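The structure appears right after this line, and notes come after that.
The values are calculated or read from the model by the stated rules, or taken from the named source; none is laboratory data. These figures come from a predicted structure and were not determined experimentally. Neighbour counts run over all protein chains shown; Cβ positions are idealised from the backbone, glycine included. The accessibility values were calculated without ligands, DNA or RNA, using every heavy atom of the protein model including side chains. Shrake-Rupley method; radii C 1.70, N 1.55, O 1.52, S 1.80 Å.
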Protein chains: 2
Amino acid sequence: NLHFHNFFLFCHVLQESLLSSASGYSNYRGILNWCVVMLVLSNARLFLENIIKYGILVDPIQVVSLFLKDPYSWPSACLIIASNVFILAALYTERRLAVGTISKMTGLILHIFNLTSLLIFPSATVLTLTSMTPVGGVLSLGVYTVLFLKLYSYQDTNRWCREIRQAKAKKLTRSYSCKYINTQSVHTYVSYPGNLTHRDMYYFVFAPTLCYQLNFPRSPRIRKRFLIRRLFEMVRGNWMVPTIQNSMKPFQVPNHLIWLIFFYWFFHSSMNFVAELLQFGDREFYKDWWNSETVTYFWANWNIPVHKWCLRHFYKPMLKKGINKFLAQTAVFLMSAFFHEYLVSVPLKMFRLWAFMGMMAQVPLAWFVGRFLNGNYGNAAVWISLIIGQPVAVLMYVHDYYVIHYGGTT
Amino acid sequence: NLHFHNFFLFCHVLQESLLSSASGYSNYRGILNWCVVMLVLSNARLFLENIIKYGILVDPIQVVSLFLKDPYSWPSACLIIASNVFILAALYTERRLAVGTISKMTGLILHIFNLTSLLIFPSATVLTLTSMTPVGGVLSLGVYTVLFLKLYSYQDTNRWCREIRQAKAKKLTRSYSCKYINTQSVHTYVSYPGNLTHRDMYYFVFAPTLCYQLNFPRSPRIRKRFLIRRLFEMVRGNWMVPTIQNSMKPFQVPNHLIWLIFFYWFFHSSMNFVAELLQFGDREFYKDWWNSETVTYFWANWNIPVHKWCLRHFYKPMLKKGINKFLAQTAVFLMSAFFHEYLVSVPLKMFRLWAFMGMMAQVPLAWFVGRFLNGNYGNAAVWISLIIGQPVAVLMYVHDYYVIHYGGTT
């Protein structure tokens, strides 16, 4: 009895509240679930309201018409199929280089020609073909841009392997090797010229990464439940976008939600689904950008495949050539700005530079946030720039597109 | 040069995505900031829209009229001032008990009489006074309920101290003590009868806790910046509620948001503000209920002062008397249901039992969620029960209140 009293007599200890920054607490997994529940519930309500008011708005014919103008011509599908030519060209050039039937210089010229065509050919096609819709255009240009980055990485990596082989032949080194040994796996490993096969090339083309490597790390087996969950998420994501689109107005919050849903759909569900199917082991498609306290951290962590590519094939080689860090960083943003502009301007057939300027505006913004804000304030600033910035950029294009195509001013 | 190649040749490692449950990652502090930013932005928009459309809607006269019908009579303020009688009655009874001028039995009867009056007197006043508004009624009944719990804890703790003193006098024990030693602090410590002062009593009455203890842990100093931040949050919270109220419709999501804002405003900002002013050390006013995967965990963690009181003065004493766990748990919910009903029915002058039934419905809900769902699914179920459950309970009362006061059906 007395023991019981004593135990309860002192029931307070010196401690901070969890939400105070002094507590150092950060487990808010439940808040993420709350966001998902709120999204699903408010969406379900919107969906029901729309059905009650107007009937089913998501017209399958209308969805198809986003991709096709004329059901007998499939320009974007043909364009994507044609990309195989460039893939095979890169592979055959590498094979010649490996056996030495063409010189280093010839190989370089062939690669440069191949890579330049990869950017010019689809954009010329999109600009000249009148049967190409904007959505179809973005899709096929996206595929070509991804291929451009992949094939650039492919020739870079194979060149490095050749240089290592050369050094070895001259007995300059024994410690470097293109063979990656993973004792846990049952896959067989190849070393340099052995990787120049169709199978290896197409595995890389479909793998959810932009950086080529011999012997990618592989996951031990295909987890069926994981695959089904990701597939379910992919399908659900597809269904949600048109629902939100119906209720979307520029400057309103849902505009920003579409980006978040797209992020989850593409970078988590779809990429993990493909990776699981291919037993591709490296699932780091994004890092914790939601906690980013600087703009630089956000850009370095929301899209890891592109970030990894930029670091490996653009930023670090520049540093090695003696270019200073700030200039190299600005160059990365400049290239990123170019590709953003390329992916928007060509399909819309409007050259407005809004996307380019939006990307370049990140440089002073990054400086400002990094200089004046930190901690939760920096994080809030990053979120605000996302919430405000994206709708503004989209609105610019929507405005100009309407002015051109429907004559009047909005 | 070769070293550089080799370093970049292998850029993939076997790893899971952060959002996969297999990764075990849980730092979503940024998501919390996102919610706050979204709330502030969408609110700012609503606020601006309302001002543009209707001018300033938050009428100070209207706000005052929530509390007062007749500016010359302040019934709720008078009622709250009158509560001092009960506080002093409890203190004087304890003083008599300490020196032994009244018997244990007389003391118990006096306390029971005092505590019963604490519940009956304000409710009788609220029910009879026609000048009492519902908001004023809820406020004063809330103050009296808090006082009821505090004074119950006060007499319980002091009784334990007397029992320990008695045991010591009989040399039965030396190891138990009512003195709490904290070497880090500069405050002087008191032991049992020394605590029965006006100063100590009123410190407890104003302290953000319901459980009495001799020598509460104290924070070393008042942090001015912390105080100002909490004050700012309190003022901002006050300004946001009427803004949301304007856009509130039953069954809509904002209804649930009000509860969340109220939670932050009351349990984080206000309680921490008061605690900082009083240098009250124990800031655990809530735990991580947002991650709760069972209904029981939610009820045990969202309101720590009440939970602590229930555990210390109701649940554990029942267990000690040999009552089984499930029955004791149900009794706690029953008492909680009684107080919920008391705080709603009396000020509205309607006895509908919706709040009572809402609380009692938690028992089968807790069983269902605990039995069939776990992990993130359990967490989502808890959120859904909060998002759906609260507006339904509120709607029931709003509906009935309108039917009674404005005649027609809604």
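Here is the P(r) of the range B:106-154: all C-alpha pair distances, binned every 5 Å from 0, give 5, 21, 28, 20, 13, 8, 4, 1 in whole percents. Taking the axis that rotates chain A onto chain B, the chain A residue nearest to it by Cβ, with the distance rounded to whole Å, is A:Tyr28, 2. Comment: the Cα-to-Cβ extended label point of B:Leu373, at 7 Å, lies 3.5 nm from its counterparts in the other copies, nearest first. Computed over neighbours whose Cβ is under 14 Å from that of B:Asn272, the net charge equals +1, Lys and Arg +1, Asp and Glu -1. One way to sum up the overall shape of the range A:343-410 is the equivalent ellipsoid from its Cα gyration tensor, whose semi-axes run 31, 13, 8 Å, largest first. Cross-link reach is defined here as a Cα-Cα straight distance under 15 Å, omitting same-chain residues fewer than 8 places apart; for A:Lys150 the aspartates and glutamates meeting it are A:Glu94, A:Asp200. Let me know the shape class of the range A:305-355, please: from the alpha-carbon gyration tensor, a ≥ b ≥ c as square roots of the eigenvalues, rounded when a/c is under 1.5, otherwise prolate if a/b is greater than b/c, or oblate. Verdict is prolate for the range A:305-355.
Which entries of A:Lys168/A:Lys325; B:Lys104/B:Lys168; A:Lys224/B:Lys287; A:Lys104/A:Lys349; B:Lys168/B:Lys287 show an alpha-carbon separation above 29 angstrom in the structure shown? Check vs 29 Å cut-off fails for A:Lys168/A:Lys325; A:Lys224/B:Lys287; A:Lys104/A:Lys349; B:Lys168/B:Lys287.
D by Stokes-Einstein for the range A:256-314, Kirkwood Rh over Cα pairs, 20 °C, 1.002 mPa s: 173 µm²/s. The residues packed around B:Val382, meaning those with a beta-carbon under 13 Å from its beta-carbon, carry a net charge of -1 if Lys and Arg are +1 and Asp and Glu are -1. The Cα trace of the range A:67-170 gives Rg and Dmax of 16.9, 60 Å, the first to one decimal, the second as a whole number. Among the residues of the range A:283-322, those with an accessible-area drop of 40 Å² or more from chain alone to full protein complex, heavy atoms and 1.4 Å probe, are A:Arg283, A:Tyr286, A:Trp290, A:Asn291, A:Arg312, A:Lys316, A:Lys320.
For the range A:294-373 versus the range B:378-392, the inter-centroid distance based on Cα atoms is 42 Å. Of the heavy-atom accessible surface of the range A:75-114 (probe 1.4 angstrom), what whole percent is carbon and sulfur? Taking all protein chains in place, the range A:75-114 shows 76 percent carbon and sulfur surface.
In the context of the full set of protein chains, residues of the range A:258-364 present 42 Å² of accessible surface per residue (probe radius 1.4 Å, heavy atoms only).
Label-point distances for A:Asn84 to the equivalent site in the other copies, using a point 7 angstrom along Cα→C-beta, read 9.2 nm when ranked shortest first.
Rolling a 1.4 Å probe over the protein heavy atoms gives the range A:109-173 an accessible area of 43 Å² per residue. Classified by the C-alpha gyration tensor, the range B:295-390 has an oblate form. Its axis ratio a/c, with a ≥ b ≥ c, is 1.5 or above, and a/b does not exceed b/c.
When accessible surface is computed with a 1.4 Å probe, chains A and B are found to bury approximately 8600 Å² between them, both chains counted.
A label point on B:Ser131, set 7 Å along the Cα-to-Cβ line, lies at 8.5 nm from each of its counterparts in the other copies, closest listed first.
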